[in-house]
Amino acid sequence: MHEDEWLAKRFEEERSRLRAVAYRMLGSLSEAEDAVQEAWLRLSRSDAEDIDNLAGWLTTVVGRVCLDMLRSRTSRREEPLDVRPSEPTGTDTAAGAPGRPRQPDPQEEALLADSVGVAMLVVLDKLAPAERLAFVLHDLFAVPFEDIAPIVERTPAAARQLASRARRRVRGADTLPPADLTRTRKVVDAFLAAARDGNFEALLEVLDPDVVARSDSGIPGALTAVRGAALVARQAATFAQFAQGAQVALVNGAVGVVARVGGEFRVMMFTVPDDRITELSVVMAKTEVDRLDLAVPDTGTA
């Protein structure tokens, strides 16, 4: 078999998967086919002998093409959501020519649209381009974050955060309702004020009697725990050091606290089911902090 024919055959073996990746990225059958076709053009202009993992190489190329298309779409403030099964797409795969157009297959396209679902596409269209790519590639196609990172021009840890943020939005849990955020923010503010002052009694007011405080002491997985409001409140001196330069932030969608100590970030997370803190976690290990999704909250009280 001639080298060009072999390359075309290998590409066709990957086409369905690449098309599925692009469709979930773009939400448009015609744009998905355009992205796949662009991948073929880039492959045909490359030295295939230098590509160790053709499937991974093609996935990376399709991902980058889709990311550029999403960013261009966002800059034009256009967000097409097209799941019409009659839209013409595809190529003449039977002829062994990846560049030749063919007649659309409505049944195939309908199955592709149904496999994703309009509801999912609506949610995906609300994600930022990099979030969408990280979520689709990792959660739907099991691409490692190490491979996603160079596509979105971020570190693997940052790519993980993008996917985490997108995952919560897809599941409908991007953040707590505004009322819950505001209520929790008031409790956290009261805790910080009491910690800064070393006010034992004020700390007891915001701590549940059975509160549990955990800390990794800067070592991943090495958790220590203290239970009981009195014992936790007695650590006020420790909290005071943390609280002096602390800033309230959203941590994985909930109200938390971030501080920089000795050049490193420290994060404090809270569980506040009503008006008292039932759990408090201090994350100091850099590898664990990097896995958290941090953002400044907008609760109307900041």
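Using R0 = 22 Å, the C-beta based FRET efficiency linking Ile51 and Glu153 works out to 0.55.
Taking all protein chains together and a 1.4 Å probe, the residues Trp40, Trp57 rank Trp57, Trp40 from largest to smallest accessible area.
Put Arg17, Arg73 in order of accessible area, highest first, and with a 1.4 Å probe you get Arg17, Arg73. Between Lys9 and Ser44, the contour length at 0.36 nm per residue exceeds the alpha carbon distance by 11.4 nm. Straight Cα distances below 19 angstrom link Lys9 to none of the lysines, with same-chain residues fewer than 8 positions distant left out. Note on exposure: Val211, Val170 ranked by accessible area (1.4 Å probe, complete protein assembly) read Val170, Val211, with the most exposed listed first.
Other residues within the sphere of radius under 13 Å centred on the Cβ of Thr184, judged by their own Cβ, net out at -1 (K and R +1, D and E -1).
The values are calculated or read from the model by the stated rules, or taken from the named source; none is laboratory data. Here the structure is a predicted model, which means the values were calculated and not measured. Methodologically, a virtual Cβ is constructed for each residue, glycine included, from the backbone with ideal geometry; neighbour enumeration extends over all protein chains shown. For accessibility, only protein heavy atoms count, side chains too; no ligands or nucleic acids. Shrake-Rupley method; radii C 1.70, N 1.55, O 1.52, S 1.80 Å.
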